[in-house]
Amino acid sequence: MSLLVVGLSHRSAPVALLERVTVSGDALEKLLHDVSQSEHVAEALVVSTCNRVEVYADVDRFHGGVTAISDLLSAHSGMPQEQLGRHLYVHYEDRAVQHLFNVTCGLDSMVVGEGQILGQFRSALRLAQNQGTAGSSLNELAQHALRVGKRAHTDTDIDRAGASLVGVGLTLAERVIGPIAGRRALVVGAGSMSALSAATLSRAGVTDIVIANRTHARAVRLAETVGGRAAHLADLPAELAQADLVISCVGAGSRAVTAEMVMAAMETREPGGLFLLDLALPHDIDPGVRAIPGVTLVDLESMQQAGLGAGTGDGGHAEAITAVKRIIAEEVTAYLDSERAAKVTPTVVALRSKAAQVVEAEIGRLMSRLPTLDARMRDEVTQTVRRVVDKLLHEPTVRVKQLATSPGGDHYAEALRELFDLDPKAPGAVSGIELATLEADRRKSDDMGAEQ
């Protein structure tokens, strides 16, 4: 497998550009299929969130893969390659694996240590599995990446390394409207980010929380968790007039909160400012509300321009971040060693298969010359010959698996194929069943030899 990552994130592109490239729903499925059908791509997985759009692909050609994926991102976003290309990054093989583990551990997030990316990556994997674009290579890598991310959050305090985007937003809100404890808050949406927002508001002392959502039952369930109340999206104009703070996390591609709604709310509400926090991409709140007196709008783009969010909370948490980096280094090494060892295993099994064929042929020839041997002697001779061959092959095959984990280790597999004149197609033709059977036979033979 040659893993290739082509993408852009908040680290390489402004939020406005990310908003144009982000895909979801049918558009995401279309991009996924287009990538997977590219000439040099065998498997594909696409991660599209408010902070990143990344294509993970198993490719047979580096340059061909990069060109194909970059062209597709350009075509799907409607953005010229010259403009988009300046913001794209590319990672290949070892560096691609490390990048993925950084992502699932939250080290590459706008807010260091946030855990939502695990769920987002899991959803991306599920989509690729359902669409048949993720095969054994990407599935194995993705599952490993999810385990690494979970380990980072379980074994370290990385969750505390950075305040959530919601926490950063609330800090900004208090600078504008003063302490938020005891204030009225409106949360638009009932997804995972909305749930995080509601919980953060509750912990901050906000006692009057309203959840507005298209599916009212979901709004009711979320509201119950924070002692709030639910509202329909149709009630937004009235709820805006009562709120001091609004957090919107829908990201459906249309404006959930329009300038007209906010203008009407400001005309009927009691004196005082209204703070709007838009955590969605595409944006939920019409940026035109910034022209309305008494209204403050903060979104992902303005947070990025202000240097907030990315890396927030690093100070004082260097130990947790260092611990996660150590975990990632260990896991990258373990994964790459496993991959390299797996590449040489079919060659080892093909060698043992050829040796077994030679043994059977020679045993057959011997028995035809000694027809008077009884069954016990036949078995003893057969087992002796097999043990001799297995013992001769044992050390070199164990050693080649160890050497395979080093850089360039695949050359040792090539040497085996050359030295023992193995059919170049033989390793690739070895099935999982054959591999398991031959390995089991080898262990059985080794055990019998040990007993002798």
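Structure data summary
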{"read-out": "Scope segment 256-289; condition under 25 Å from Asn51 (Cα atoms) and modelled with pLDDT under 90; matching residues", "value": "Leu279, Ala280, Leu281, Pro282, His283"}
{"read-out": "Leu196 being surrounded by 15 or more Cβ atoms within 10 Å (Cβ to Cβ), under 21 Å from Thr296 (Cα atoms) and either hydrophobic (A, V, I, L, M, F, W, C) or touching a Lys or Arg at 6+ places or on another chain (Cβ under 9 Å) (or both)", "value": "no"}
{"read-out": "Among residues of segment 397-446, those that are closer than 25 Å to Ala334 by Cβ, modelled with pLDDT of 50 or more and buried (at least 16 other Cβ atoms within 10 Å of the Cβ), counted", "value": "11"}
{"read-out": "Residue that is over 30 Å from the mean Cα position of the chain (by Cα), more than 21 Å from Asn51 (Cβ to Cβ) and of a type in the set (Ser, Thr, Tyr), where the choices are Thr215, Thr207", "value": "Thr207"}
{"read-out": "Every pair of residues 6+ apart whose Cβ atoms lie under 7 Å, when the first sits in segment 105-134 and is charged (D, E, K, R) while the second is buried (at least 23 other Cβ atoms within 10 Å of the Cβ)", "value": "Glu114/Gly106; Glu114/Gly162; Glu114/Ser164"}
{"read-out": "Hits in segment 234-262 - residues which are closer than 22 Å to Leu172 by Cα and assigned to a helix (DSSP H, G or I)", "value": "Glu239, Leu240, Ala241, Gln242, Ala259, Val262"}
{"read-out": "Single match in Thr156, Thr215, Thr133 (criterion: of a type in the set (S, T, N, Q) and touching a His at 6+ places or on another chain (Cβ under 9 Å))", "value": "Thr133"}
{"read-out": "Odd one out for Ser123, checked against (1) among the hydroxyl-bearing types (Ser, Thr, Tyr); (2) within 28 Å of Ala44 (Cβ to Cβ); (3) assigned by TED's automatic domain parsing to the domain that holds Leu236", "value": "(3)"}
{"read-out": "Test for Gly167: is it under 15 Å from the mean Cα position of the chain (by Cα), under 24 Å from Ala280 (Cα atoms) and not aromatic (Phe, Trp, Tyr)", "value": "no"}
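The values are calculated or read from the model by the stated rules, or taken from the named source; none is laboratory data. The structure displayed is predicted, hence computed values, not measured ones. Neighbour counts run over all protein chains shown; Cβ positions are idealised from the backbone, glycine included.
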